[in-house]
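Visitor: Attaching a single structure in structure tokens format; questions to follow.
A short reminder: the numbers here are calculations on the coordinates, not readings from a lab. Since the structure is predicted, the reported quantities are computational estimates derived from the model, not experimental observations. Counting neighbours? That spans all protein chains shown, and the Cβs are built from the backbone with ideal geometry, glycine included.
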Amino acid sequence: MSKKQWQTWADLLTKQAHALYFTWHDPRSPKLVKVLAFVTLAYLFSPIDLIPDVIPILGLVDDLLLIPALCWLVIKLVPDAIWQENLSRAQSQTIKLEFAWMRMVIIAIWLLLAGLIGMSIWSFFS
């Protein structure tokens, strides 16, 4: 494949990921489609792979095969009208995610760590 073909394929996968996001949030989508869309997006954006990327060739093959296969499965299961609408939304809109909950989780983790360190220091000197 040429560099242009790879770029075209990557752009298509990006648009499909955005359409999957809209499909996941679409109330008209069947429950199975919502679950598969969520699993696909979670695997796509997760830093953890089924086969780690440090394993030569196999680490990349799972990404090159599994993600497109999951996308294909969701596209086949979702009603065509819903998919086409979400695909056109993905081409015209950008996704703005709210990360306020992530800030709260990070703050809670830091407070928990500070509390554990404080308790360890207290028990050490008592």
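Visitor: If you count, for each residue, the other Cβ atoms within 10 Å and average over each peptide, how do 19-27, 74-82 line up from highest to lowest?
Guide: Result, highest mean first: 19-27, 74-82.
Visitor: Hey, another quick one. Hey, could you pull the Cα Rg and Dmax for segment 38-80, both in Å?
Guide: Answer for segment 38-80, Rg first and Dmax second: 11.7, 38 Å.
Visitor: Defining a contact as two alpha carbons under 8 Å apart and six or more residues distant in sequence, what relative contact order in percent does segment 3-95 show?
Guide: It comes to 42 percent, rounded to a whole number.
Visitor: About the Cα centre, and with charges only on the beta carbon of Lys, Arg (+1) and Asp, Glu (-1), how big is the dipole of the chain? Nearest 20 debye, please.
Guide: Details: 10 positive and 9 negative charges, 61 e Å.
Dipole magnitude for the chain comes out near 300 debye.
Visitor: Among residues other than residue 53 whose Cβ falls under 15 Å from its Cβ, what is the net charge (Lys/Arg +1, Asp/Glu -1)?
Guide: -3
Visitor: Over the Cα atoms of the chain, how large are the radius of gyration and the largest Cα-Cα distance (Dmax), in Å?
Guide: When restricted to Cα atoms, the chain yields Rg and Dmax of 20.3, 68 Å.
Visitor: Sticking with this structure for a sec: Taking 7 Å along the Cα-to-C-beta vector as the label spot, tell me the residue 1-residue 69 distance in nanometres, rounded to one decimal.
Guide: 1.7
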